[in-house]
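The values are calculated or read from the model by the stated rules, or taken from the named source; none is laboratory data. These numbers were taken from a predicted model, which means no experiment stands behind them. All Cβ positions, even for glycine, are placed from backbone atoms using ideal geometry, and neighbour counts span all protein chains on display.
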Amino acid sequence: MGTRNYRRKTSHSEHGPGDGGRTGSWRVERPVLDQSVCTPCKRNKESCFICWLFCPEIVISRTIPPTFNLEYCKGCGICAEECPTKAITMVDEAKFAEEEKE
Amino acid sequence: MHIIENGNVAAALGVRLCRAGVIAAYPITPQTPLTERLSEYVESGDMKAEYIPVESEHSALAVCIAASSAGARTFTATSANGLLYMHEQVQWASGARLPIVMCVVNRAVGAPWNVWNDQQDSISQRDTGWIQIYCCDHQQIIDTVIKAFWLAEKVSIPIMVCYDGYILSHTYMPFDVPDQEKVDAFLPPFKPEYALDPDQPANLNTVTLPDVRVDVHGELAHGYMEIRYLLQEDLRTTLKAAAEAEQRFAQHFGRGGDPFIEPYRCADADFVAVGMGSITYQLRVCVDALRKEGIRVGVMGVRYYRPFPDEAIAGALKGKQGVIVFEKALSYGYEGALASDLKSALYEHLAPTGSLPTVQNLIAGIGGREIRTEDLTQTLRAAIHERISKEPHWIGLKL
Amino acid sequence: MNKDFIEIRWHGRGGQGAITAAKIVAGAAFVSGYAGVVMAPTFGTERRGAPVMTSLKLSKEKIYDLTPIETPDIVVVLDHLLLNEADVTHGLKPGGIIVLNTPMAHDAYHFKNYRLATADVTAISVETGLPHGMVNAGIIGSLEKAMNLLGIEILIKGIEEEFRTRKPQNNSRAAKIAYERTITGE
């Protein structure tokens with residue numbers, strides 16, 4: 001069975017888990033949110049969401065609090081860089097590996 | 001001295017040994033590490049050259065054209081869509097007869113986007129008036145870069161040194177890096193017939209009329225057509241100069257062979273596989289396997305694609321029963337360009353003998369599709385057994 | 001293992017330095033009489049943290065086949081967590097060797113038909129003063145202990161040369177200690 005009957009003759013992909021598979025395993029650092037500083041958390045109102053807007057992998061939810069889908073987050077750190085209140089810190093993944101071991 | 005490095009470094013070392021004076025390039029995978037390495041040489045002072053970072057490949061070659069016109073030994077490198085973006089300047093460089101050397105790190109062209117190896121990029125530039133040479137390993141890459149500067153400056157025609165992206169550019173293997181003194185002895189400084197000179201102002205390559213004209217000295221000067229004819233004439237005689245380059249190189253460095261083709265176990269073969277680049281070395285492994293089965297087969301690598309060494313190719317294939325041409329590119333709408341060219345050479349040189357080998361065309365490794373040696377052997381065996389298809393056959397297609 | 005032609009597949013993560021490690025072994029093999037040495041990384045998808053593979057072929061003669069290794073004699077795994085993500089034993093020849101960097105004990109693993117060599121190269125590297133996760137020099141010590149092919153001295157020399165500007169002594173010490181502490185289960 002090949003691709004002969006595939007519905008297109010061009011390269012066409014839609015958003016979702018891509019060719020890279022479970023890209024969360026690439027992460028060296030993990031984003032961690034401090035809710036006491038995060039604007040929507042503090043105000044308890046839909047606001048800011050700069051992290052959601054900038055995330056190139058669409059793994060941050062537009063919710064209170066914003067959550068990270070760690071299955072696909074590659075740990076690029078753009079969210080931490082862009083957060084206007086510095087509510088997101090990138091933490092060495094090795095630290096969590098040790099915790100998970102314990 | 002032998003070192004273990006990747007193909008891009010082999011090319012960069014060759015350019016450094018040739019003391020290129022101006023390098024202008026725009027990064028594109030898989031060429032990027034080559035030009036990065038050159039920029040490091042220039043930055044650290046290991047290489048005395050102007051490295052000009054530019055905003056596009058079109059500009060990269062435009063800078064090389066200007067620098068070469070001013071008498072500098074110039075180098076650039078690119079891949080895939082970068083080469084296509086250069087296309088207008090590619091034609092210009094050969095028409096202006098500038099001995100620029102450019103590495104083409106062969107990569108598939110978009111759409112769809114793809115960074116892996118095939119040879120559609122350089123094959124699509126076949127008719128631009130450049131010399132094209134294909135490499136099979138790192139020793140050939142560094143040696144060919146050195147020969148290319150000598151040859152380009154000898155015949156005033158630019159040269160593309162082509163090698164397979166990733167398969168050669170990113171793979172590490174040992175190769176010998178010649179001594180600087182030896183390269184200096186082989187390759188004298190570049191002395192152009194005319195270099196841009198404020199004391200001798202001139203217009204270069206401005207509107208040139210369809211017919212000949214009388215110039216300011218009262219001499220009859222070329223029309224456009226004469227200039228283009230001379231490019232063709234000189235490309236054809238480049239075959240002689242290429243043989244001289246190879247001979248000189250062998251004298252200076254003690255290695256080399258036939259400049260145009262690399263035959264392997266062809267002498268007594270009934271069937272010959274033909275290709276360009278790294279696949280021809282892989283085919284040697286297939287040929288060895290099939291020889292063990294008693295099949296008389298050889299492989300011939302074509303090193304020069306333009307000018308096309310038609311006589312050498314036809315000579316090597318004389319009396320053969322069948323030729324199987326493996327290509328990583330296609331003249332879309334017909335067949336592989338090498339297959340067409342090869343048939344034309346066979347017709348010209350062998351038709352009078354009354355014995356023409358059959359020619360089959362196999363397409364492989366498009367967009368980096370892995371070519372497993374086992375599959376390649378099996379396809380070659382099948383093609384020898386009987387004609388697989390009248391149309392070019394694509395190996396490993398999953399339709 | 002046919003010592004005239006050896007295929008070693010490296011499993012690491014982008015940025016972990018598997019290519020550098022393979023290059024050091026390639027260099028040592030070349031000066032030890034392996035005229036054919038070819039090292040090919042995974043093409044085009046090297047991303048920091050992503051699982052990557054590198055093929056290293058060592059041969060007494062020039063190698064014309066540059067395709068990736070399909071049936072390795074040895075696999076080197078730079079990070080034990082890769083066991084969950086990659087099929088590291090895929091194609092491994094029967095009796096083949098697995099060199100594994102792991103904090104776990106040797107007898108925590110059961111690979112049928114294969115020989116396993118383990119060491120906690122991560123801990124050893126930190127012990128010698130290298131930053132956390134820099135295991136590519138250390139793993140070379142484990143590999144040599146398991147394959148017993150080139151001699152640790154020539155590899156140490158290669159490591160110090162490769163890392164001449166990046167803590168050469170710490171790196172070579174990591175390889176030496178890993179060589180000593182690698183458990184081969186024999």
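Residues being under 16 Å from C:Ile6 (Cβ atoms) and acidic (Asp, Glu): count how many of those fall in segment C:57-91.
Residues in segment C:57-91 being under 16 Å from C:Ile6 (Cβ atoms) and acidic (Asp, Glu): 4 in total.
Consider C:Glu144 carefully, then state whether it is loosely packed, with under 15 Cβ neighbours inside 10 Å and either touching a residue at least 24 places away in the same chain (Cβ under 8 Å) or within 14 Å of chain A (Cβ to nearest Cβ) (or both).
Working: loosely packed, with under 15 Cβ neighbours inside 10 Å: no; either touching a residue at least 24 places away in the same chain (Cβ under 8 Å) or within 14 Å of chain A (Cβ to nearest Cβ) (or both): yes.
Here the answer is no, as C:Glu144 does not meet what is asked.
Matching residues to (1) assigned by TED's automatic domain parsing to the domain that holds B:Gln139; (2) farther than 29 Å from B:Ala96 by Cα; (3) assigned to a strand (DSSP E or B); (4) small (Gly, Ala, Ser):
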{"site": "B:Tyr229", "(1), (2), (3), (4)": "no, no, no, no"}
{"site": "B:Asp234", "(1), (2), (3), (4)": "no, no, no, no"}
{"site": "B:Gln251", "(1), (2), (3), (4)": "no, yes, no, no"}
{"site": "B:Gly256", "(1), (2), (3), (4)": "no, yes, no, yes"}
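Within segment B:138-161, is even one residue within 14 Å of another protein chain (Cβ to nearest Cβ), within 13 Å of the chain's Cα centre (by Cα) and over 24 Å from B:Glu233 (Cβ atoms)?
yes
For segment B:6-39, which residues satisfy the criterion of being within 14 Å of chain C (Cβ to nearest Cβ), more than 24 Å from B:Ala185 (Cβ to Cβ) and either in a loop (DSSP other than H, G, I, E, B) or not small (Gly, Ala, Ser) (or both)?
B:Asn6, B:Asn8, B:Ile28, B:Thr29, B:Pro30, B:Gln31, B:Thr32, B:Pro33
Keeping to segment C:57-90, report how many residues are over 12 Å from C:His11 (Cβ atoms), outside any strand (DSSP E or B), under 17 Å from the mean Cα position of the chain (by Cα) and free of Cβ contacts under 8 Å to residues at least 60 places away in the same chain.
Number of matching residues: 2.
What strands (runs of 3 or more DSSP E) lie completely within segment B:125-222 and have 1 or more residues being touching a Gly at 6+ places or on another chain (Cβ under 9 Å) and at pLDDT below 95?
Filter on segment B:125-222 gives an empty set.
So, of the residues in segment A:44-102 that are of a type in the set (Val, Ile, Thr) and in a loop (DSSP other than H, G, I, E, B), which turns out to be farthest from the other protein chains (Cβ to nearest Cβ)?
Let us first name the residues in segment A:44-102 that are of a type in the set (Val, Ile, Thr), namely A:50, A:58-60, A:63-64, A:67, A:78, A:85, A:88-89, A:91.
Going one step further and asking which of them are in a loop (DSSP other than H, G, I, E, B), we end up with A:58-59, A:63-64, A:67, A:85.
Working: A:Ile58: 18, A:Val59: 15, A:Thr63: 26, A:Ile64: 29, A:Thr67: 21, A:Thr85: 27 Å.
The residue in question is A:Ile64.
Here's a check for you: in segment C:12-49, which residue that is assigned to a strand (DSSP E or B) and at pLDDT below 95 is nearest to the chain's Cα centre (by Cα)?
C:Gly12
Tell me which residues, restricted to segment B:265-290, are farther than 20 Å from B:Arg107 by Cβ and more than 14 Å from chain C (Cβ to nearest Cβ).
If the condition is that a residue be farther than 20 Å from B:Arg107 by Cβ and more than 14 Å from chain C (Cβ to nearest Cβ), then B:Cys266, B:Ala267, B:Asp268, B:Ala269, B:Asp270, B:Phe271, B:Val272, B:Val274, B:Leu290 are the ones that fit.
Being outside any loop (DSSP other than H, G, I, E, B), within 14 Å of chain A (Cβ to nearest Cβ) and either closer than 16 Å to B:Gly165 by Cα or among the hydrophobic types (A, V, I, L, M, F, W, C) (or both) is the requirement here; does C:Val52 meet it?
Taking the combined requirement at face value, the residue satisfies it.
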